[in-house]
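K.L.:
Here it is, the structure, as structure tokens.
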Amino acid sequence: MYRASQIRQSFLTFGFLITIAITVALVLIPVNQREKLKEDLTRAARMYRIGYASHIALENFTDFAWDEVHIFLPGTSDVTIKQRLGFYWQGTQLDLVTEPEGFALLVFVKERRVIRWVWMPGNDADFTHLADQSPFTPQTAIFFLPFDDDPALQVIR
């Protein structure tokens with residue numbers, strides 16, 4: 001009886017440690033990847049503004065494969081995110097939808113799994129106007145900025 005109790009306790013401890021490791025991997029490890037993606041997209045918008053690019057194709061600024069990108073606004077409920085993604089995403093439990101107005105949450109999906117997400121501020125490239133039009137595929141996520149002083153991205157159709 002004592003041995004069975006020890007084994008059960010070991011399994012519970014192991015399960016707890018695995019849960020902590022998964023949480024750390026989901027939250028901390030991809031931070032550098034998200035920051036790089038944010039910097040790359042901001043740089044793309046700036047290059048567009050000074051005439052070095054005719055458009056902004058998200059596929060050219062991602063170093064990972066993805067099937068679609070969804071765009072969400074601050075305050076979007078986890079129920080709405082689940083409906084739009086078509087599956088439950090654990091990221092909604094991490095208070096990801098609490099960024100201030102003017103930000104857009106870009107969620108990149110590959111084979112029904114979130115592989116990268118990033119909060120984009122709207123000062124250089126404003127994705128908020130595109131939330132109702134998402135998801136976009138790598139072939140359709142091609143945008144332009146219509147005016148020199150307006151950061152609102154528009155879809156190239």
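The values are calculated or read from the model by the stated rules, or taken from the named source; none is laboratory data. This one's a predicted model, so the numbers in the text were calculated from it and none came from an experiment. All Cβ positions, glycine included, derive from the backbone under ideal geometry; neighbour counts span all protein chains shown.
K.L.:
Just the residues that are in a loop (DSSP other than H, G, I, E, B) and exposed (fewer than 15 other Cβ atoms within 10 Å of the Cβ), please, taken from the range 59-90.
P.N.:
Scanning the range 59-90 gives ASP63, PHE64, ALA65, ASP67, GLY75, SER77, GLY86, PHE87, TYR88.
K.L.:
Quickly run through the range 32-75 and pick out the residues that are among the β-branched types (Val, Ile, Thr) and within 13 Å of the chain's Cα centre (by Cα).
P.N.:
Result: THR62, VAL69, ILE71.
K.L.:
Confirm whether ASP126 is loosely packed, with under 13 Cβ neighbours inside 10 Å and modelled with pLDDT under 85.
P.N.:
In short, no.
K.L.:
Is it fair to say LEU41 is at negative phi, in a helix (DSSP H, G or I) and either modelled with pLDDT under 80 or touching a Phe, Trp or Tyr at 6+ places or on another chain (Cβ under 6 Å) (or both)?
P.N.:
Criteria met by LEU41.
K.L.:
Something else about it: For the range 122-145, which residues satisfy the criterion of being polar (S, T, N, Q) and assigned to a loop (DSSP other than H, G, I, E, B)?
P.N.:
Within the range 122-145, ASN123, SER134, THR137, GLN139, THR140 qualify.
K.L.:
Just the residues that are more than 19 Å from LEU105 (Cα to Cα), at pLDDT below 70 and either surrounded by 13 or more Cβ atoms within 10 Å (Cβ to Cβ) or not acidic (Asp, Glu) (or both), please, taken from the range 134-157.
P.N.:
Selection gives PRO146, PHE147, ILE156, ARG157.
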